[in-house]
Amino acid sequence: MNRGQILYRAAEMLDGRAAQFVELLGGGARSRRELDRSVETLVWHAGWTDKLSQVIGTVNPVAGPYFNFTLPEPTGVVAIVSPEETPLLGLVRRVAPALCAGNVIVALAAESRPVAALTFAEVLATSDVPAGVVNIVSGQRKELIPGLASHMDVNAIDVAGCTAEEIKAVEEAAAGNVKRVIKVAEDELSPYLIAAFMEMKTVWHPIGV
C-alpha cells in the first residue's frame, strides 16, 4: 500500500511540473502526449502494488496434507537501459513496473537526451522514494552497459533500450553471472511486465492438526 502511495505521489509531482518537462522534451503536442502518458503509467502501476500477490500468485493443488503457495517477490537490483526515442516515457515505462515490484533500480538515461530523465530523478526524490532505491545515471552506453551486464550485484538487466548488437553482448556478459535478461516490448502495459521484474517463490505449509 505504501509503495502505491509513493507512485501516486510521483505521478502528482510529475504532473505538477508538466510545463517544465514538456519544454525539456522539445515542446509541442508530441511532448505533451509523452508527459501525459508518463503520468498515466505511474498511476496505473500504483494501482497494482497491492494486487500482485492475488493476480500473479496462486494456490497450487498438491496430493498431500499441505498447502502450497506460489508468491511473487522482488528480484533485487535491476539495471534498466532506457530507450533513446522517448527519453521520459521510455524510462518511466520501465522504472514504474520495477518499482511496483519492489526492486532497487539502476537506470541508464537516454544518451542523446538525458536531461528529462535526470530531472525525473528530482521528481522521485521529492515523492518519498527511499534514498538509493532509484539511481539514474547518464553517460556513454558503450561504457556503461557492459558494466551493468557483468556486475555481480545486479540481479537482472532490462534491455528495452538496447540495439540487437547490444542485447547480444549483454546476454554474453550476463551468462557469466547467471543474470536475468528482461526482453519485453516497451509499449506493453501489463501486470505480467511487472512479473518480469519479480521472482516466484513456492512455499509449503502443513495443514493444522
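To keep it simple, each residue is scored yes or no on (1) in a loop (DSSP other than H, G, I, E, B); (2) under 20 Å from MET13 (Cα atoms); (3) not basic (Lys, Arg).
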position	(1), (2), (3)
ALA79	no, no, yes
GLU85	yes, no, yes
LEU91	no, yes, yes
ALA96	no, yes, yes
ALA107	no, yes, yes
GLU111	yes, no, yes
SER127	yes, yes, yes
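Only residues that are at pLDDT below 90 and either assigned to a strand (DSSP E or B) or among the hydroxyl-bearing types (Ser, Thr, Tyr) (or both) were counted across the stretch 164-186, and they come to 0. Kindly provide the set of residues from the stretch 129-148 that are surrounded by 13 or more Cβ atoms within 10 Å (Cβ to Cβ) and of a type in the set (D, E, K, R), ordered by number. Result: ARG141, single match. Here VAL123 clears all of (1) under 14 Å from ALA107 (Cα atoms); (2) outside any loop (DSSP other than H, G, I, E, B) except the condition numbered (1). Of the set (1) modelled with pLDDT under 90; (2) within 20 Å of LEU14 (Cα to Cα), all apply to ILE56 but (2). Within the set LYS201, LYS179, the sole residue that is more than 30 Å from VAL39 (Cβ to Cβ), buried (at least 19 other Cβ atoms within 10 Å of the Cβ) and touching a residue at least 12 places away in the same chain (Cβ under 8 Å) turns out to be LYS179.
Return yes or no: is ASP153 surrounded by fewer than 17 Cβ atoms within 10 Å (Cβ to Cβ) and in contact (Cβ under 8 Å) with a residue 60 or more places away in the chain?
yes
Scan the stretch 129-162 for residues that are among the hydrophobic types (A, V, I, L, M, F, W, C) and assigned to a loop (DSSP other than H, G, I, E, B) and the total you get is 8.
For the stretch 134-165, a tally of residues being farther than 19 Å from CYS100 by Cβ, among the acidic types (Asp, Glu) and under 19 Å from the mean Cα position of the chain (by Cα) returns 1.
The values are calculated or read from the model by the stated rules, or taken from the named source; none is laboratory data. These figures come from a predicted structure and were not determined experimentally. Every residue, glycine as well, gets a Cβ built from its backbone with ideal geometry; the counts of neighbours run over all protein chains shown.
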